[in-house]
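Read through the structure below, which is laid out as structure tokens, and then see the notes.
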Amino acid sequence: MVAATSAASVSKAYKFSQLALNKIDKGVMDLKDEVYLYNHARWESLAKSDALFARPYLDLNKESARDYLGLDRMGIKDELTGKNVLCLASGGGQQSAAFALLGANVSVLDISHTQLERDKAAAEHYGVDVNVFQGDMRDLSCFSKQSFDVVWQPYSLTFVPDSRVVFHEISRIIKKGGFYHLMCANPFFSGLSHEDWNGSGYILKNPYKDETLTSYPDQDWVYDRLKSPEKIQEPREYTQTLSRIMNSLIKEQFVLAYFSEIKSNYPGDLPGSWGHFTDIAPPWLEFIWYYHPNFLTGGK
């Protein structure tokens with residue numbers, strides 16, 4: 001069991017030599033469009049501001065790592081020891097640390113160098129190996145075909161306009177029988193927040209249409225504005241309708257094994273608060289998809 005981490009050890013974990021930084025491999029970086037540049041700048045700023053998603057988990061053990069990932073809740077009984085896991089758009093030293101503690105061979109691809117530094121910090125803290133790659137989720141050509149048993153993607157899909165590009169890339173690098181975990185925004189409430197309370201409800205305003213661009217202020221829990229060294233651009237997200245998500249993954253020959261609507265647990269919160277809003281409008285969806293080529297054609 002790994003003991004809780006002291007402030008001194010956390011500080012030590014953040015100290016990197018130039019050699020360690022050079023170990024961050026670069027993916028194929030030709031894809032530097034406006035979407036890439038915006039996301040790169042925003043996530044570099046979030047990481048440097050110690051945002052919630054940029055804080056390595058340094059007090060995990062095998063049991064708490066499995067609980068944190070929610071594997072049993074989602075019915076995942078797979079043994080992870082020796083399995084190749086890609087944490088996709090998942091920098092920050094959280095999911096990668098959990099999988100490494102469970103014995104997996106972990107790779108992380110993220111758009112932010114600073115986020116990847118946190119993954120290396122967590123790996124060093126636990127004495128495990130994690131391979132990190134800087135790049136865009138829409139281009140996974142730095143990985144060979146059928147490289148991974150697991151692709152694990154936390155909330156990030158809506159940061160790019162067309163989810164189909166991401167799904168196609170994943171279908172190339174995942175092994176037959178491997179599973180893809182996806183957590184993403186609930187598209188039915190795209191662009192809606194607790195600030196839209198009008199006294200009687202939360203009013204939908206945006207059209208339910210793929211690639212609708214939305215932008216809104218970060219929630220207070222994302223990062224401490226008083227401690228942030230710079231002004232951070234607001235999140236810019238693109239609606240991915242449920243039909244596009246489902247049909248695109250089916251087309252890529254994935255089979256759905258688990259689906260859930262996720263909401264925060266803030267019983268008793270008042271209307272107009274984040275907790276009340278999430279009780280009315282679950283903001284996140286979670287899926288487990290297994291890759292089974294030719295499943296619908298009986299293996300032909």
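Here are a few things to note about the model shown:
- Between GLN94 and TYR57, the built amide H atoms are under 5 Å apart, and every one of these is 5 or more places off in sequence or on another chain.
- Ranked by the mean number of other Cβ atoms within 10 Å of their residues, highest first, the peptides 81-94, 189-202 come out as 81-94, 189-202.
- Set LYS62/LYS175; LYS83/LYS175; LYS175/LYS251; LYS32/LYS145 screened for pairs whose C-alpha atoms are more than 18 Å apart: LYS62/LYS175; LYS32/LYS145
- Where GluC sites (Glu not before Pro) fall in DSSP loop in region 45-125, at most 11 other Cβ within 10 Å: GLU79
- In Hz, Karplus ³J(HN,Hα) per residue of region 267-277 (6.51, -1.76, 1.60; θ = phi - 60°; x = Gly, Pro): x, x, 5, 7, x, x, 9, 4, x, 5, 4
- Trypsin sites (Lys or Arg not before Pro) within region 84-179, DSSP loop, no more than 10 other Cβ atoms inside 10 Å: LYS145
- Residue by residue, region 45-54 carries 3J(HN,Hα) couplings of 5, 4, 5, 6, 9, 6, 5, 3, 7, 10 Hz when phi is fed to the Karplus relation 6.51 cos²θ - 1.76 cosθ + 1.60 (θ = phi - 60°); x denotes Gly or Pro.
- Table column - 3J(HN,Hα) (Hz), region 59-69, Karplus curve with 6.51, -1.76, 1.60, x for Gly and Pro: 10, 8, 10, 4, 5, 5, 5, 5, 5, 4, 6
- Alpha carbon centroid spacing (whole Å) that separates region 240-261 from region 133-191: 12 Å
- A DSSP coil position with no more than 15 other Cβ atoms inside 10 Å describes the following GluC sites (Glu not before Pro) in region 227-268: GLU230.
- Point-to-point label distance, LEU213-LYS62, nm (Cα→Cβ direction, 7 Å offset): 4.9 nm
- Sites ASN198 and TYR266 - FRET efficiency at Förster radius 22 Å, r taken between beta-carbons, to 0.05: 0.65
- Quotient of Cα Rg and 2.2 N^0.38 Å for region 22-297, N being how many residues it contains: 0.99
The numbers here are math on the coordinates, done by the rules we state, and not lab data. All values reported here derive from a predicted model rather than from experimental measurement. Neighbour counts are summed over all protein chains in view; Cβ atoms, including those assigned to glycine, are modelled from backbone coordinates with ideal geometry.
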